[in-house]
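Colleague: Sharing a structure with you now.
The values are calculated or read from the model by the stated rules, or taken from the named source; none is laboratory data. This one's a predicted model, so the numbers in the text were calculated from it and none came from an experiment. Glycine gets a Cβ as well: all are built from the backbone with ideal geometry, and neighbour counts include every protein chain shown.
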Amino acid sequence: MKVASWNVNSLKVRLPQVLEWLQEQSPDVLCLQETKLVDEKFPVAELAAAGYHALYHGQPTYNGVAILSRMDPENPRCDWPDGGDGQARLCAATFAGIRVVNVYVPNGQSLESDKYSYKLQWLERLQGLIASELAQWPQLLLVGDFNIAPDDRDVFDPVAWGEDVLCSPPERAALTALLDLGLQDSWRQRHGNLQEWSWWDYRAAGFRRNRGLRIDLILASVALLPKIQDVVIDRNARGAERPSDHAPVFIELQEER
DNA sequence: ATGGCGAAGGGTCTTCGA
C-alpha cells in the first residue's frame, strides 16, 4: 500500500498537478493539506473520474484537509471529538486495517505570537487524540504538514534558523511526545543522516538554491515498521510550473499476504 | 542585502504561510 501526503497550497490552483501526480504515482491514499476550499467547492467529480474517493474537511480561505483514496474510507472522522474550534486541520480514515490520520499542524508564525501558543495547545490535543486512535488501530500512520523540523538535520541552515518557530524546543518536545506514543519518523528511520527537504520558500529562489526544511512527515506506528519498504520525498513535483511550496512525501508498505 | 513569492478575498491592498 502506498500512502502519500502533500500540502498543495490551494487545491483550486493545484488540481491539475494533483490529478497528474495521481496518474503518475498511483498512490492508494493521498492526504492533502491547505486545500483552502469550502466543502461545496471540493472537486469530487474530477477526483472520482480519476478513480479516487474523497473525504474532505474545509473552510473558507485557510487550512482544509482531505484524504483521497482508491478504497472507500472506513470509520471516517474529521476534527476533534468535541467538534473542534472551527479550524479544519484534521481528518482520518481506515484503509485495509491501517488507520491514516491526516493533519495540518498550525504554523505558529513566531514565538511571540498567539498562534504559537495555539500551535502548542493543538499539538497537546493531538497527542490525546492519537493515543485513543492507536488504542483502536495499532497499525497507524500519522501524516501531514507538521510545521516542525524534527532536528537540525532537517534544516538547510540550522545556525541561521536557530530556535525560531518550526525549530523551537517546545515544538520539538511536542513532536517527541507524539513519537513517544509508539510512532517513528519513517523517512528519518529509513534514510539515516541524509538531508532532504519537503518545503522550500517561494522567496529568495529557495528551491533553486535548495534551501529548505523537512516538515512534512509520515509517522508510522511500531506495528507498521516491519512493513515499510520505502519512504520518498518527491522533489520533482516542486519543480513544476506554478508549484506548491511543498513536495509530496509517500510511504510504501508491504501488502498483507 | 532580513526581502525576495504566491494565494485568497476583496479590490488596486492586507493577511498569511514557514
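Yes/no matrix, rows are residues, columns are (1) among the aliphatic types (A, V, I, L, M); (2) over 23 Å from A:Ala4 (Cβ atoms):
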site	(1), (2)
A:Ser168	no, yes
A:Arg172	no, yes
A:Ser186	no, no
A:His191	no, no
A:Asp201	no, no
A:Arg209	no, yes
A:Asp216	no, no
A:Leu224	yes, no
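Colleague: Looking only at the stretch A:188-210, count every residue that is buried (at least 17 other Cβ atoms within 10 Å of the Cβ) and within 16 Å of DNA strand B (Cβ to nearest atom) and tell me the total.
Modeller: Counting residues in the stretch A:188-210 that are buried (at least 17 other Cβ atoms within 10 Å of the Cβ) and within 16 Å of DNA strand B (Cβ to nearest atom) gives 6.
Colleague: Continuing with the same structure: Within the group A:Lys119, A:Lys115, which residue is within 13 Å of DNA strand B (Cβ to nearest atom), part of a helix (DSSP H, G or I), at pLDDT 95 or above and farther than 19 Å from A:Gly212 by Cα?
Modeller: Values: A:Lys115 fails: at pLDDT 95 or above.
Being within 13 Å of DNA strand B (Cβ to nearest atom), part of a helix (DSSP H, G or I), at pLDDT 95 or above and farther than 19 Å from A:Gly212 by Cα holds for just one of A:Lys119, A:Lys115, which is A:Lys119.
Colleague: Next question, about the same structure. Which residues, taken from the stretch A:2-24, are over 16 Å from A:Asp245 (Cβ atoms) and within 17 Å of the chain's Cα centre (by Cα)?
Modeller: A:Lys2, A:Val3, A:Ala4, A:Leu22
Colleague: State yes or no: is A:Asp79 in contact with a strand residue (DSSP E or B) (Cβ under 8 Å, 6 or more places away or on another chain), over 23 Å from A:Ile228 (Cα atoms), crowded, with 16+ Cβ neighbours inside 10 Å and of a type outside the set (Ser, Thr, Tyr)?
Modeller: Working: in contact with a strand residue (DSSP E or B) (Cβ under 8 Å, 6 or more places away or on another chain): yes; over 23 Å from A:Ile228 (Cα atoms): yes; crowded, with 16+ Cβ neighbours inside 10 Å: yes; of a type outside the set (Ser, Thr, Tyr): yes.
Here the answer is yes, as A:Asp79 does meet what is asked.
Colleague: Select from the stretch A:157-194 the residues that are of a type in the set (Phe, Trp, Tyr) and closer than 22 Å to A:Phe250 by Cβ and list them in ascending order. Write out each step before concluding.
Modeller: Kept after step one, since they are of a type in the set (Phe, Trp, Tyr), are these residues of the stretch A:157-194: A:161, A:187.
Residue satisfying the conditions is A:Trp187 alone.
Colleague: Return only the number of the condition from (1) in contact with a strand residue (DSSP E or B) (Cβ under 7 Å, 6 or more places away or on another chain); (2) hydrophobic (A, V, I, L, M, F, W, C); (3) more than 9 Å from DNA strand B (Cβ to nearest atom) that A:Val159 does not satisfy.
Modeller: Evaluating A:Val159 over (1) in contact with a strand residue (DSSP E or B) (Cβ under 7 Å, 6 or more places away or on another chain); (2) hydrophobic (A, V, I, L, M, F, W, C); (3) more than 9 Å from DNA strand B (Cβ to nearest atom) leaves (1) as the failure.
Colleague: Can you tell which of A:Leu90, A:Leu166 is within 25 Å of A:Leu225 (Cβ to Cβ), crowded, with 20+ Cβ neighbours inside 10 Å and within 16 Å of DNA strand B (Cβ to nearest atom)? Reasoning before the result, please.
Modeller: Numbers: A:Leu166 fails: within 25 Å of A:Leu225 (Cβ to Cβ).
Sole residue among the options that is within 25 Å of A:Leu225 (Cβ to Cβ), crowded, with 20+ Cβ neighbours inside 10 Å and within 16 Å of DNA strand B (Cβ to nearest atom): A:Leu90.
Colleague: Please pick out the residue among A:Ala135, A:Ala174, A:Ala223, A:Ala131 that is more than 12 Å from DNA strand B (Cβ to nearest atom), under 21 Å from A:Ala92 (Cα atoms) and crowded, with 21+ Cβ neighbours inside 10 Å. Don't jump to the end; show me each part of the working.
Modeller: On the way: A:Ala135 fails: crowded, with 21+ Cβ neighbours inside 10 Å; A:Ala223 fails: crowded, with 21+ Cβ neighbours inside 10 Å; A:Ala131 fails: crowded, with 21+ Cβ neighbours inside 10 Å.
A:Ala174 is the lone residue from the list that is more than 12 Å from DNA strand B (Cβ to nearest atom), under 21 Å from A:Ala92 (Cα atoms) and crowded, with 21+ Cβ neighbours inside 10 Å.
Colleague: Looking only at the stretch A:226-257, count every residue that is touching a helix residue (DSSP H, G or I) at 6+ places or on another chain (Cβ under 9 Å), within 16 Å of DNA strand B (Cβ to nearest atom) and on the phi < 0 side of the Ramachandran plot and tell me the total.
Modeller: Going through the stretch A:226-257 one residue at a time, the tally reaches 11.
Colleague: Could you pull out the residue among A:Ser110, A:Ser132 that is among the hydroxyl-bearing types (Ser, Thr, Tyr) and assigned to a loop (DSSP other than H, G, I, E, B)? Reasoning before the result, please.
Modeller: Numbers: A:Ser132 fails: assigned to a loop (DSSP other than H, G, I, E, B).
None of the others qualify; the one that does is A:Ser110.
Colleague: Go through the stretch A:45-70 and report how many residues are in contact with an Asp or Glu (Cβ under 9 Å, 6 or more places away or on another chain) and hydrophobic (A, V, I, L, M, F, W, C).
Modeller: Step one: filter the stretch A:45-70 for residues in contact with an Asp or Glu (Cβ under 9 Å, 6 or more places away or on another chain), giving A:53, A:56-59, A:62-65, A:69-70.
Checking the rest, the ones that are also hydrophobic (A, V, I, L, M, F, W, C) come to A:65.
Total meeting the criteria: 1.
Colleague: Restricting to the stretch A:111-149, name every residue that is of a type outside the set (Gly, Ala, Ser) and free of Cβ contacts under 8 Å to residues at least 40 places away in the same chain. Before the answer, list the steps.
Modeller: The first filter runs over the stretch A:111-149 and keeps only residues of a type outside the set (Gly, Ala, Ser), leaving A:111-112, A:114-116, A:118-127, A:129-130, A:133-134, A:136-143, A:145-148.
Within the stretch A:111-149, A:Glu112, A:Asp114, A:Lys115, A:Tyr118, A:Gln121, A:Trp122, A:Gln136 qualify.
Colleague: Hey, any hits in the stretch A:138-154 for a residue that's touching a Gly at 6+ places or on another chain (Cβ under 8 Å) and away from DNA strand B (no atom under 11 Å from the Cβ)? If you could, list the steps in order and put the result at the bottom.
Modeller: Of the stretch A:138-154, the ones touching a Gly at 6+ places or on another chain (Cβ under 8 Å) are A:139, A:147.
Add one more test, that the residue is away from DNA strand B (no atom under 11 Å from the Cβ), and what stays is A:139.
Scanning the stretch A:138-154, I find at least one residue that is touching a Gly at 6+ places or on another chain (Cβ under 8 Å) and away from DNA strand B (no atom under 11 Å from the Cβ), so the answer is yes.
Colleague: Where residues in the stretch A:35-78 are under 19 Å from the mean Cα position of the chain (by Cα) and charged (D, E, K, R), which of them is nearest to A:Ala93 (Cα to Cα)?
Modeller: Here the residue is A:Arg77.
Colleague: Where in the stretch A:1-67 are the strands (runs of 3 or more DSSP E), entirely inside, with at least 3 residues that are within 10 Å of DNA strand B (Cβ to nearest atom)? So that I can check it myself, show each step before the final result.
Modeller: Working: elements: A:2-7, A:29-33, A:53-57.
Result: empty, no element qualifies.
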